[in-house]
């Protein structure tokens, strides 16, 4: 202890109590300028801390405290302090600040004041975050028409919390420093001001600081937009492993999602979920074998395309998988029984669990994507950086599974067929196409006659499998469609094996056409 601190020890106990009440618990392992450290009087100040709560300001029950202050509700709880080796420690310290909807459009300012926002000079002292293990900052009071002059990440509060394990931010931006974070949730309303979000690289750095301990990450609409100029990073660094991560969900636009997907190597027990608006093909490309020079679990060679959950706001759900071995029975079972299942609630658990149970299948990711021609066009046509996503084609995909039932992914009209055709143009090396409950729209891309100087669609296709879920009524397929597909490919592509499951596919049409496949 420096000599300048010793005079403090001569202060009256009443004054020490006032100091303790004003500054919070003492003896910080690491402290910001202005914080008071008094190891020699920890015993006394610990007793002061226990008695410093004012029950008249809120409700006190055990070690839980609640109060309503300046449009911001404060909830905190802590374990009894432990004094050992000259230090005071708390095994659990939880703080929850919440600005309610009726607090007006500046509810986030009340939270700023509690955190010691530097621009609010009339605010209270800096919050002591040394022992905080759980921090929840929630702002329901929000209006886009508020004051935005300094409502950007540049002016966001920053704190050091060496004991922090759980950080939950809702409509509120704050910077932090810690290396042991286990849970991170940052969720912003999509209509919030774009600059009141995190720069992509900055938030990724915060994840990297805790990558050895992070178990769950949930990010929604919290990233600033990365424009084309921002994507020219040149050489992308090697992906980093987060060994304890078991849940990762990201809801953002394409460029931001690509940034995270290219830099995180997910462990085998973690199936990440991405909810992406924008270029679907640009996002999927970063998971293909040819575009991922660093290898790892992110390489995939199979895509399963289903209808998205009805309330998700997306057009399709895509599962990327890695198939090892050639177990035809497992592939047929997957195509007939797993592909028709829907992701009812949009969280990915149901289809992720089903895909993971299929022998030889290793799911790599789940993505909710847009279902439009624009989303599946060349990513550079949508302003994406070529250095970020590379060429549009995904050379490594060998298997495609799709739910072709009319009314699901393939709605009325020709729009879905156009999207499907645009998607397949990016998959030149597909060897097998599995179509569950095949409709005309699901097969129409293969019926298109290419121009003389153009290759046929899916030029390496060897197998076209048609089936449906067991126990369902048989699906009618016009045998003439299949003959036309063979005619289009004759002499321009390898021989195609059409495999129709007789127990669930009924060929109809001209008798001669039907007999051709008998």
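Quick one: the Cα spread of region 391-518 along its three principal axes, in angstroms, biggest first?
Here the Cα extents, ordered largest to smallest, are 42, 31, 26 Å.
Mind checking the full-extension length gain between residue 476 and residue 225? Use 0.36 nm per residue of separation minus the Cα-Cα distance, one decimal, nm. Intermediate values should be presented prior to the final figure.
Details: separation 251, 0.36 × 251 = 90.36 nm, distance 4.69 nm.
Once the chain is fully extended between residue 476 and residue 225, it gains 85.7 nm.
Which residues does a label at residue 201 reach in region 155-175, if reach means a backbone N under 18 Å from a point 7 Å past the Cα toward the Cβ?
Counting only backbone N, you get 155.
Where in region 307-327 is the amide nitrogen less than 15 Å from a point lying 7 Å along the Cα-to-Cβ axis of residue 499?
Output list for this probe position: 324-327.
Limiting things to C-alpha atoms, what are the Rg and the maximum Cα-Cα separation (Dmax) for region 277-518, in angstroms?
17.2, 54
Please work out the FRET efficiency for the pair residue 92 and residue 462, using the Cβ-Cβ distance as r and a Förster radius of 56 Å; give the result to the nearest 0.05. Walk me through the numbers before you get to the answer.
Numbers: r = 60 Å, r/R0 = 1.07.
Result of the calculation: an efficiency of 0.40.
Determine, for each peptide in 505-512, 273-280, 172-179, the mean count of other beta carbons within 10 angstrom over its residues, then list the peptides with the highest first.
Details: 505-512: 13.6, 273-280: 24.2, 172-179: 18.5.
Sorting 505-512, 273-280, 172-179 by mean packing, highest first, produces 273-280, 172-179, 505-512.
Based on other C-beta atoms within 10 Å, arrange 492, 170 from fewest to most. Walk me through the numbers before you get to the answer.
Values: 492 11, 170 17.
Fewest-to-most Cβ neighbours within 10 Å comes out as 492, 170.
Read-outs: derived from the displayed coordinates by stated rules, not from any lab. As the structure is a computational prediction, the values presented were derived from the model and not from experiment. Positions of Cβ are generated from backbone atoms using ideal geometry, with glycine treated the same way; all protein chains shown enter the neighbour counts.
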